[in-house]
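Have a look at the structure below before the remarks.
The values are calculated or read from the model by the stated rules, or taken from the named source; none is laboratory data. Everything quoted here is computed from the prediction, not taken from an experiment. Glycine gets a Cβ as well: all are built from the backbone with ideal geometry, and neighbour counts include every protein chain shown. Keep in mind that these areas ignore ligands, DNA and RNA; they rest on the heavy atoms of the full protein, side chains included. Shrake-Rupley method; radii C 1.70, N 1.55, O 1.52, S 1.80 Å.
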Amino acid sequence: MKTYKVRFTKKVYDQIESIASYIASINTVESSIQYVNSLIDEILTLSYYADIISKLQWKAQCVKYPDTKRLLVKKGKLTVFFVTYKDFVLILDIIPSSLVTEKSDSTP
């Protein structure tokens with residue numbers, strides 16, 4: 001089984017920071033840290049499972065990154081878009097799953 005190094009874009013780091021800030025504003029800092037850590041742990045599973053996830057067939061998501069794949073995390077509440085390259089997975093975007101449609105232009 002091939003394993004990948006998981007890398008995040010600056011955009012994704014900013015998104016994770018925004019998620020953490022939002023949760024801290026409505027709950028506690030500790031719960032924010034716990035949520036973000038579990039989010040990152042779910043994303044890091046791609047180091048083992050990236051190969052078994054199919055590429056998207058949606059034209060809107062695939063224009064910029066033709067080999068885009070997606071992972072649902074946090075019980076399907078968030079969608080993580082990523083691509084695989086030689087020995088790493090690049091995380092491109094994290095958005096609320098409720099905003100993802102086949103015709104969505106808000107993704108990569």
Taking the range 1-31 and keeping only residues that are crowded, with 16+ Cβ neighbours inside 10 Å and either within 12 Å of the chain's Cα centre (by Cα) or part of a helix (DSSP H, G or I) (or both), one is left with Val6, Phe8, Val12, Gln15, Ile16, Ile19, Ala20, Ile23, Ala24
Flagged pairs (Cβ under 7 angstrom, 6 or more apart or on separate chains; first in the range 11-34, without any contact (Cβ under 8 Å) to a residue 12 or more places away in the chain; second outside any helix (DSSP H, G or I)) are none
Note on the range 32-73: residues hydroxyl-bearing (Ser, Thr, Tyr), modelled with pLDDT under 90 and either open to solvent by less than 70 Å² (accessible area, probe 1.4 Å) or assigned to a helix (DSSP H, G or I) (or both) are Tyr65, Thr68
